[in-house]
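Here's the structure we're looking at; comments come further down.
Just so you know, all these numbers are worked out from the coordinates, no wet-lab data involved. Note that the structure is a prediction, hence the values are computed from the model and not measured. Every residue, glycine among them, receives a Cβ derived from its backbone with ideal geometry; neighbour counts consider all protein chains shown.
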């Protein structure tokens, strides 16, 4: 389970959560929370602007999201970057990390309640949840909403599924996140306005999962806003992209043009 430090190494380009351990004039030493390994953040990778004081950007004990630049297992080196992580990547990665920590806490509660070792829980619960739902937390969140049936469907024994669903309902508060962006859409045909309306009408037909919602409206021509609310960023981003793609494809087919602007 991810509460046990991983033995492998992070991949280049991967986003990792790290704790700032030591700040020097030339950079920052951090501990990768998910791997239990030390990494280094050089001053040049802290910010795109001039770094006069490193502590203006990071402080000892702080949790930060970093991007892996280089990995050398033989030397034990991991080079990282802060400046190459976008605000959206930072937000989404931190959310996933917090969800993983919550899932680990629930696993410990389940282990204590059923008197089953954590290692055994990893095989019987954590792995089936990841294989079925993508992450263990997503499976636990579904159990918090729907009870034990989704867990049983994932292959968990009935007794474990029942107890786990009770703990999930007690510890997980169902929340929602919002993803939004702007589309610049134009059409110079004589009936361009009608063609744009038709493109967005097709997007309105997009089916979305239960617990999600979408809103499409005009800011001021040619700018149109898409807002998607869902239980997690992964789902929200998939819905947003699907809507945006349909609009782009439709307006192009109808003789117009468009551009997606996230944020």
Checklist line | Three semi-axes of the equivalent ellipsoid, segment 120-170, Cα gyration tensor, whole Å, largest first | finding: 14, 12, 9
Item checked: Max mean-square fluctuation residue, GNM over the chain, Cα-Cα springs under 10 Å, options 188, 90, 231 -> 188
Notebook entry, point to check: What is the order of 243, 260, 12, 46, fewest Cβ neighbours within 10 Å to most?
Noted result: 12, 260, 46, 243
Check: Where in segment 44-84 does the label zone of residue 8 land, with the point 7 angstrom along Cα→C-beta and an amide N cut-off under 12 Å?
Finding: none
Margin query: Test of understanding: what is the full-extension gain from residue 74 to residue 26, defined as 0.36 nm times their sequence separation minus their Cα-Cα distance?
Written below: 15.0 nm
Check: Out of the DSSP beta bridges found with both residues in the chain, what percent are antiparallel (nearest 5)?
Finding: 95 percent
Next item on the list: With a Förster radius of 22 Å, plug the Cβ-Cβ distance of residue 221 and residue 252 into 1/(1 + (r/R0)^6) and report the FRET value to the nearest 0.05.
Entry: 0.80
Notebook entry, point to check: Is segment 70-193 rounded, prolate or oblate when judged by the Cα gyration tensor, a ≥ b ≥ c being the square roots of its eigenvalues, rounded requiring a/c under 1.5 and prolate requiring a/b larger than b/c?
Noted result: oblate
Margin query: Using just the Cα positions, wrap segment 15-85 in a convex hull and report its mean projected area in square nanometres, one decimal place.
Written below: 4.3 nm²
Item checked: Nitroxide proxy distance, nm - points 7 Å out along Cα→Cβ at residue 193 and residue 52 -> 5.3 nm
Margin query: I need the Debye-formula profile for segment 177-262: one equal scatterer per C-alpha, no solvent, reported as log10 I(q)/I(0) at q = 0.25 1/Å, two decimals.
Written below: -1.19
Next item on the list: Of all alpha-carbon pairs in segment 1-126, indicate the percentage at a distance above 24 angstrom.
Entry: 35 percent
Notebook entry, point to check: Evaluated at 10 °C with a viscosity of 1.306 mPa s, what Stokes-Einstein diffusion coefficient in µm²/s does the chain have when Rh comes from the Kirkwood expression over alpha-carbon pairs?
Noted result: 74 µm²/s
Notebook entry, point to check: For segment 126-235, what does the alpha-carbon gyration tensor say about shape, rounded, prolate or oblate, given a ≥ b ≥ c as the root eigenvalues, a/c under 1.5 as rounded, and a/b over b/c as prolate?
Noted result: prolate
Margin query: What is the distance in Å between the Cα centroid of segment 222-252 and that of segment 85-156?
Written below: 28 Å
Next item on the list: Taking the Cβ of each residue in 119, 232, 33 as the centre, tally the other Cβ atoms inside 10 Å and list the residues starting with the fewest.
Entry: 119, 33, 232
Check: Of 114, 129, 164, which is the most mobile in a GNM of the chain whose springs link Cα atoms less than 10 angstrom apart?
Finding: 114
Margin query: Springs between alpha-carbon pairs under 10 angstrom, Gaussian network model over the chain: which of 154, 136, 168 fluctuates most?
Written below: 154
Next item on the list: Please arrange 77, 122 by counting, for each residue, the other beta carbons lying within 10 Å of its beta carbon, fewest first.
Entry: 77, 122
